[in-house]
Amino acid sequence: MTTRNDAVLPPAEVLAAGLPVGPVLGPFGDDAQWLAEEPPDDMPADPEPRGLVFRPASSIKIRPVRWLWDTTPEGAPPTSHGRIPLYSLAIAAGGPGLGKSQFAVWMTARITRGELPGELYGKPRPVIYAAAEDSWSYTIAPRLIAAGADMDLVFHVSVKDDEHLHARLTLPVDTSLLAREAERYSVALLVMDPLLSYIDKGVNDYRAAEVRQALEPLIEAADHHHFTILGLAHFTKSGAADPLSRVAGSGAFGQLIRCLIAFAKEEGEQDAESRFVMSLEKNNLGRVGLPSHEYAIQPVTVDTDEGPSYVSRFVLGPETTTSVREVMRDEASPDANRGETNETVLWLRGYLADQGGTDLAADVKKAAHKDGISESSLQRARKKLGVVMRQSGFGKNRRSEWSLPGALPEDGDE
């Protein structure tokens, strides 16, 4: 009788067949063959188990927010009108043809000249401008020249890849390379126009979680390497009057961005001019409810070696009490403010009648504001009442008058 302790080798016929001999199982096995070998001295130690680290709040250093763009007027508390915080993601969004790209070029020019009010005022810094939809030769470069940018401090970015002839900047694949070059050149601003176009094609931009995973490394890099990101985005064609909810990809952007600058156009009626309005519709790190601004898109001719190039530039205008949210609300529900407008119509008719039928537009707006009437409500009342607008003068001497219908003499009358 054979026991498993009598031998540790397989039968002779197995050995004669030339089969590989390893640990032997069954009745021919030996417990000694399973003994573990001594680990080598250089084997890494087992990693420490996952744990939690607690710190008291008193040990955390408190820092003030610093602003890339700060429009705080003289006499107001310092940085109380900060609009774009440093080292964060800001979004500029609006419908087509509203001047979002021209605004990005305007900001680029101001930064490269050290002329943007804020932390970098008087300190010219480089800007990386990544444009996926517009031509650099025909559009971007002429616009930069028209805006007065220092062209030596604006960088076009391309990808060098021997395996892909038409490789392009892609997030998050190129995030570490982009961050390294931004620090190397001391870049202050990274413009991505539009932002979603640079996200890897494998990312579903309708899924907020995937978009966040693609953008979070870039946002962390901006904070670590000290540059700010201005991403341009489009409004969806339909939806609510909330500008943030109308931003394409807002499911992800809403949790990542620190500020949203929105653009809209308030259409004029009859002989009234349309006007562009720009509002800060989200400001996580600063004050909400900051004044909006009117702005203009001005045509400019840029001379080139091959002839003129016709482009446009952004011109920041005065503050206004009308917000993009109000313009969008009026577009979505034109009758929603009918009651408010009727009250303002009565006020405006009475005010102009007391002034003899005509007054300067600036004085009308000032009086309306004093009585708690918003500019959007005043404009709706002006349209409904049929107030006649007349412009006179040029430049700083330009004046606008509002008159009740029939208050002005017909052409040819004395």
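The values are calculated or read from the model by the stated rules, or taken from the named source; none is laboratory data. Quick caveat: nothing in here was measured; it's all calculated off a predicted structure. In this analysis, Cβ positions are derived from the backbone assuming ideal geometry, glycine residues included, and neighbour counts consider all displayed protein chains.
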Check on LYS370, within 17 Å of GLU326 (Cα to Cα), of a type in the set (D, E, K, R), surrounded by fewer than 17 Cβ atoms within 10 Å (Cβ to Cβ) and not assigned by TED's automatic domain parsing to the domain that holds GLY289: no
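Can we say VAL302 is among the aliphatic types (A, V, I, L, M), touching a helix residue (DSSP H, G or I) at 6+ places or on another chain (Cβ under 6 Å), assigned by TED's automatic domain parsing to the domain that holds PHE103 and at pLDDT 85 or above? Steps first, answer last, please.
Working: among the aliphatic types (A, V, I, L, M): yes; touching a helix residue (DSSP H, G or I) at 6+ places or on another chain (Cβ under 6 Å): yes; assigned by TED's automatic domain parsing to the domain that holds PHE103: yes; at pLDDT 85 or above: yes.
Criteria met by VAL302.
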Residues that are among the polar types (S, T, N, Q), modelled with pLDDT under 95 and part of a helix (DSSP H, G or I): does the stretch 69-88 have at least one? no
Among (1) among the polar types (S, T, N, Q); (2) surrounded by fewer than 18 Cβ atoms within 10 Å (Cβ to Cβ); (3) not assigned by TED's automatic domain parsing to the domain that holds ALA92, SER376 falls short only on (2)
Scanning for something modelled with pLDDT of 70 or more, more than 19 Å from PRO318 (Cα to Cα), in contact with a helix residue (DSSP H, G or I) (Cβ under 9 Å, 6 or more places away or on another chain) and assigned to a strand (DSSP E or B), does the stretch 242-250 turn up at least one residue? yes
Residues of the stretch 100-123 that turn out to be in contact with a Gly (Cβ under 9 Å, 6 or more places away or on another chain) and surrounded by fewer than 18 Cβ atoms within 10 Å (Cβ to Cβ), as a count: 6
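Based on this model, can you work out whether GLU115 counts as under 23 Å from the mean Cα position of the chain (by Cα) and more than 28 Å from VAL247 (Cα to Cα)? It would help to see each step written out before you state the result.
Working: under 23 Å from the mean Cα position of the chain (by Cα): yes; more than 28 Å from VAL247 (Cα to Cα): yes.
So GLU115 fits the description; yes.
Is there a residue in the stretch 364-372 that is closer than 25 Å to LEU244 by Cα, in contact with a helix residue (DSSP H, G or I) (Cβ under 8 Å, 6 or more places away or on another chain) and at pLDDT 85 or above?
No, that holds for no residue.
On the basis of being in a loop (DSSP other than H, G, I, E, B), in the same structural domain as LEU195 (by TED's automatic domain parsing) and in contact (Cβ under 8 Å) with a residue 24 or more places away in the chain, does PRO96 make the cut?
Working: in a loop (DSSP other than H, G, I, E, B): yes; in the same structural domain as LEU195 (by TED's automatic domain parsing): yes; in contact (Cβ under 8 Å) with a residue 24 or more places away in the chain: yes.
For PRO96, the condition - in a loop (DSSP other than H, G, I, E, B), in the same structural domain as LEU195 (by TED's automatic domain parsing) and in contact (Cβ under 8 Å) with a residue 24 or more places away in the chain - is met.
Please work out if SER186 is in contact with a Cys (Cβ under 8 Å, 6 or more places away or on another chain) and in contact (Cβ under 8 Å) with a residue 60 or more places away in the chain. Let's see the steps before the verdict.
On the way: in contact with a Cys (Cβ under 8 Å, 6 or more places away or on another chain): no; in contact (Cβ under 8 Å) with a residue 60 or more places away in the chain: yes.
It is false that SER186 is in contact with a Cys (Cβ under 8 Å, 6 or more places away or on another chain) and in contact (Cβ under 8 Å) with a residue 60 or more places away in the chain.
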Hey, does the stretch 164-187 have a residue that's touching a strand residue (DSSP E or B) at 6+ places or on another chain (Cβ under 9 Å), outside any loop (DSSP other than H, G, I, E, B), of a type in the set (Phe, Trp, Tyr) and within 22 Å of ILE84 (Cα to Cα)? no
Restricting to the stretch 99-116, name every residue that is of a type in the set (Gly, Ala, Ser), part of a helix (DSSP H, G or I) and either on the phi > 0 side of the Ramachandran plot or in contact (Cβ under 8 Å) with a residue 60 or more places away in the chain (or both). SER101, ALA104
Give all pairs with beta carbons closer than 8 Å in which a residue from the stretch 49-73 that is basic (Lys, Arg) meets a residue that is assigned to a strand (DSSP E or B) and surrounded by 10 or more Cβ atoms within 10 Å (Cβ to Cβ); count only pairs at least 6 apart in sequence or on separate chains. ARG66/PRO85
Residue pairs, Cβ under 9 Å, 6 or more apart or interchain, first in the stretch 373-387 and under 19 Å from SER403 (Cβ atoms), second among the aromatic types (Phe, Trp, Tyr) and crowded, with 23+ Cβ neighbours inside 10 Å. List them. ARG382/TRP402; VAL387/TRP402
